[in-house]
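Read-outs: derived from the displayed coordinates by stated rules, not from any lab. Remember, predicted model here, so these are calculated numbers, not experimental data. FYI the Cβ positions are ideal-geometry reconstructions off the backbone, even for glycines, and counts take in every protein chain you see.
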Ligand SMILES: [Zn+2]
Ligand SMILES: [Zn+2]
């Protein structure tokens, strides 16, 4: 099982980390910007899309940690909103209420791998999502 949480480093700074059986490491923006050659060495393919995102958000990656737990969580929230959010999703078999105005809609946005946020056409945009998506505290996944 992987555990996602803010952790304090030995130098007192905080970073958002993923811990698995082999230890913990900074994730999201809490580590050095990814370098393609490192992935090539490991035989991992990186899509053009992902490389474009790396370039776009390159300046947000950092290794200096955060002053507080909350800051590290905010950093990861930012990362997910920037990199792992799909606005245009639809389930035609079900109508649910828009989280902002209550209108019935089959459309939704997907934040991270699991979080569904029901939003109508008028409200399905980044600004509304930012207001609705709260900070991650601890996220478990297997
Ligand atoms: Zn960070
Ligand atoms: Zn709405």
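Here each label is just a point 7 Å from Cα along the line to Cβ, and for residue 95 and residue 57 those points are 3.5 nm apart. Its Cα gyration tensor gives segment 84-136 an equivalent ellipsoid. The semi-axes, each the square root of 5 times an eigenvalue, are 17, 13, 9 Å from largest down.
Ranked by the mean number of other Cβ atoms within 10 Å of their residues, highest first, the peptides 37-50, 116-129 come out as 116-129, 37-50.
Would you mind checking segment 122-137 for residues with the amide N under 18 Å from a putative spin-label position 7 Å along Cα→C-beta of residue 19? Label zone hits: 136-137. Ranked by the mean number of other Cβ atoms within 10 Å of their residues, highest first, the peptides 106-114, 90-98 come out as 106-114, 90-98. Seen against the Cα atoms of the chain and their longest principal axis, helix 69-83 is set at about 60 degrees. Looking at the chain, the pairs of alpha carbons with a distance over 18 Å make up 63% of the total.
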